[in-house]
Each structure stands twice: as C-alpha cells, then as structure tokens.
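A.B. asks: Quick one: structure below, then a few questions.
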Amino acid sequence: MEYNYLKINNIDNICTVAISAPKSLNALNSSVLAELNAFLESLDTNATRVLIITGDGEKSFVAGADISEMSNLNEKEGFDFGKRGADVFRKIEVLPIPVIAAVNGFALGGGCELAMACDIRIASSNAKFGQPEVGLGIIPGFSGTCRLARIVGMGIAKEMIYTGKAIRAEEALRIGLVNAVYPQEELMDQAMAMAKKIAANAPIAVRYAKVCINWEYDLPAGKAIAFENTMFGKCFATNDQKEGMDAFLNKRQAEFKNE
Ligand code: CO8
C-alpha cells in the first residue's frame with residue numbers, strides 16, 4: 001500500500017515507521033491515523049520482530065492531534081475522533097511484537113500519548129514531552145490520562161496534565177517517561193541497536209513476555225502470578241526453548257526459528 005503520511009523502512013526483521021506530516025510538525029489528523037491503522041493491520045508480525053516508531057525530520061516526533069481538524073468538532077465527533085486515536089494506540093500497545101518509540105523532538109498531546117502506547121521510549125536530547133490539552137479546553141483524549149499515571153506515577157502525571165507544561169528530555173528521563181536520551185544524530189542507531197538485541201532473542205518468548213507484562217498489570221497479584229506460570233509452561237512447548245537451552249549447554253550461539 002502507498003502511504004502519504006508514513007515512511008516505512010524494513011531492515012532485516014526490524015521495521016521503522018516515521019510519521020510524516022511536515023506542514024504540521026507531524027500532527028495526527030484523521031488521514032494519518034487511518035494510515036497508521038492500515039499499516040498496523042498489514043504488518044506481518046511473524047516476519048517482523050520489532051517495530052520502531054519515530055517522527056520524520058529533526059524537529060518533531062508528533063506535535064499532537066491536529067488542532068485545526070479538532071477545532072469545530074461537536075461532542076459526538078469529539079468522541080469519535082478520540083476513539084479513533086485511542087483504538088489505533090491500543091493496537092500498538094497489544095501488538096504481538098515489541099514497539100520502540102524513538103522520540104526525536106516534540107512529543108506533545110497525542111504525540112506523548114503515541115509514545116506512551118509503545119513498549120519502550122528513548123529520546124533525542126532536543127525532545128520535549130507534555131500534555132498541553134487543558135490549555136486548549138480539552139483533556140488528553142488518546143488515553144493519556146490512563147497511561148501517563150501508570151508510567152510516571154499519579155502525582156507527576158496530575159501535575160503534567162493539570163499544568164500542561166512541557167518537559168525536556170532529561171526531565172523525562174528523570175521521571176521514567178523515557179529509558180534513555182541520546183544526541184539527535186545517534187537516536188536511530190541506538191533504537192536499531194536495541195531492536196537488534198530484542199530480535200536476537202527467542203521471538204515467542206519475547207511475545208509471551210509482552211503479553212504477561214501487559215495483562216498482569218491489571219490483575220490481582222495471585223491471578224497475575226498464575227497467568228505467568230501458564231505462559232512460562234507454554235514456553236516449553238516451543239522448539240526455540242529446546243534450541244536456546246541446548247545452545248547454552250553446548251556453548252554455541254542459538255539459532256531461533258520462531259517455532
Ligand atoms: N495541530 C495542527 N497544526 C499544528 C500542530 C497541531 N497539534 N502543531 C503544530 N502545528 C502547525 C502550526 O500551526 C504551524 O503551522 P503554520 O506553519 O501553517 O502556521 C506549523 O505546525 C509549525 O508550527 P509552529 O510555527 O507553531 O512551530 P514552533 O516551532 O514555533 O512551535 C510547537 C512548535 C511548540 C510544537 C507548537 O507548534 C505547538 O505548540 N503546537 C501545538 C502543540 C499541542 O498543543 N499539541 C496538543 C494538541 S491536542 C492533542 O494532541 C489532543 C490529543 C487527544 C485528542 C482527542 C480528540 C478528541
């Protein structure tokens with residue numbers, strides 16, 4: 001499929017998608033969201049081991065949902081627009097493979113929310129994060145009120161959302177919103193290095209780990225531990241478990257086949 005707002009690059013089994021709407025600092029309008037949705041639907045998550053999401057250019061990851069498109073929405077349309085974005089972001093969150101956000105500039109509003117739907121966030125030193133929605137008369141609507149508190153804790157999330165202030169990359173690192181900060185020119189290499197490290201591991205085990213971490217978060221401890229126990233058992237039904245352990249015991253590199 002041809003995309004107007006996405007630049008896609010596949011290297012080996014790692015896919016990078018860059019949001020590209022240069023006139024609006026990569027803001028998310030309905031067309032960008034529709035393309036992102038179509039891309040996620042079509043992504044072969046058996047052939048692809050890791051997805052990296054970034055923004056095109058050097059200034060912005062995603063500067064938010066498109067304010068010009070939202071400005072005249074009524075309540076029903078606002079609900080629909082929010083749901084469209086939230087559904088796409090949920091698709092990213094539960095994608096069977098890990099997703100890394102390489103945040104290369106502004107990650108405001110829907111941009112911060114997009115990064116938070118990813119499994120791991122790394123940022124360039126010029127990145128800025130924030131949820132400025134209340135200054136526009138709305139609240140974060142692509143699941144930011146849900147995910148921000150889970151990532152950085154209730155107190156900091158409330159401060160960020162109530163004040164709408166933007167924070168720099170170093171502050172995002174300090175509060176745990178991102179895992180690492182790099183100079184802009186190193187960001188994509190670092191994202192790729194992390195993706196390769198993940199891709200070298202047993203793919204089914206990585207998938208099971210993602211499912212466990214995601215689902216167990218919402219379960220009471222007893223049920224979460226039982227769920228992990230079940231998934232742990234399932235690992236022993238894979239050939240990759242035999243291969244991984246045989247390789248270790250025979251001091252050789254494992255060759256995982258995703259089976
Ligand atoms: N939407 C639409 N256009 C945008 C957006 C945006 N979010 N961000 C920037 N642009 C446009 C600007 O209007 C400008 O267009 P033009 O050249 O035609 O005037 C162009 O991008 C360049 O922007 P600036 O000239 O403003 O560039 P600066 O470097 O001076 O400033 C900023 C960069 C600080 C990022 C600034 O553009 C800004 O503050 N942007 C808005 C950031 C923002 O408020 N984002 C949150 C939006 S709300 C949101 O995301 C809600 C998500 C949930 C939605 C729920 C649906 C109901």
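A.B. asks: Could you check segment 113-143 and list, in sequence order, the residues that are of a type in the set (V, I, T) and open to solvent by 10 Å² or more (accessible area, probe 1.4 Å)?
C.D. replies: I120, V134, I138, I139
A.B. asks: Hey, another quick one. Out of contact with any Lys or Arg (no Cβ under 8 Å at 6 or more places or on another chain), polar (S, T, N, Q) and in contact (Cβ under 8 Å) with a residue 24 or more places away in the chain, is that true of S124?
C.D. replies: The answer is yes for S124.
A.B. asks: Here's a follow-up. Go through (1) outside the structural domain of I92 (by TED's automatic domain parsing); (2) open to solvent by 30 Å² or more (accessible area, probe 1.4 Å) and name the single condition T163 misses.
C.D. replies: Just one mismatch for T163, condition (1).
A.B. asks: Sticking with this structure for a sec: Restricting attention to segment 1-25, and to residues there that are out of contact with any Asp or Glu (no Cβ under 7 Å at 6 or more places or on another chain) and buried (at least 17 other Cβ atoms within 10 Å of the Cβ), which single residue is farthest from R49 (Cα to Cα)?
C.D. replies: L25
A.B. asks: Before we move on, is A180 in contact with a helix residue (DSSP H, G or I) (Cβ under 9 Å, 6 or more places away or on another chain) and surrounded by fewer than 16 Cβ atoms within 10 Å (Cβ to Cβ)?
C.D. replies: yes
A.B. asks: Those residues that are over 12 Å from S24 (Cβ atoms) and charged (D, E, K, R), I need them from segment 38-82; list them, please.
C.D. replies: Hits for segment 38-82 are E41, D44, R49, E58, E75, K76, E77, D80.
A.B. asks: For residues that are of a type in the set (K, R) and within 14 Å of the chain's Cα centre (by Cα), scanning just segment 57-112, find the one that is surrounded by the most Cβ atoms within 10 Å (Cβ to Cβ).
C.D. replies: K91
A.B. asks: Report every pair of residues separated by at least 6 positions or lying on different chains whose Cβ atoms are under 8 Å apart, first residue within segment 139-166 and within 13 Å of F89 (Cβ to Cβ), second among the basic types (K, R) and open to solvent by 20 Å² or more (accessible area, probe 1.4 Å).
C.D. replies: Pairs found: S143/R90.
A.B. asks: Out of all the residues in segment 205-253, which are of a type in the set (S, T, N, Q) and over 20 Å from A149 (Cα atoms)?
C.D. replies: N229, T230, T238, N239, Q241, N250, Q253
A.B. asks: Counting only residues that are over 27 Å from A202 (Cα atoms) and more than 9 Å from the ligand (Cβ to nearest atom), give me the helices (runs of 4 or more DSSP H) lying completely in segment 22-115 with at least 2 of them.
C.D. replies: Here the list reads 30-42, 75-93.
A.B. asks: Of all residues in segment 166-177 being over 17 Å from the mean Cα position of the chain (by Cα) and closer than 12 Å to S124 by Cβ, which is most open to solvent (accessible area, probe 1.4 Å)?
C.D. replies: This residue is R168.
The values are calculated or read from the model by the stated rules, or taken from the named source; none is laboratory data. As the structure is a prediction and not an experimental result, all values here were calculated from the model. We place every Cβ from the backbone using ideal geometry, glycine too, and count neighbours over all the protein chains shown. The accessibility values were calculated without ligands, DNA or RNA, using every heavy atom of the protein model including side chains. Shrake-Rupley method; radii C 1.70, N 1.55, O 1.52, S 1.80 Å.
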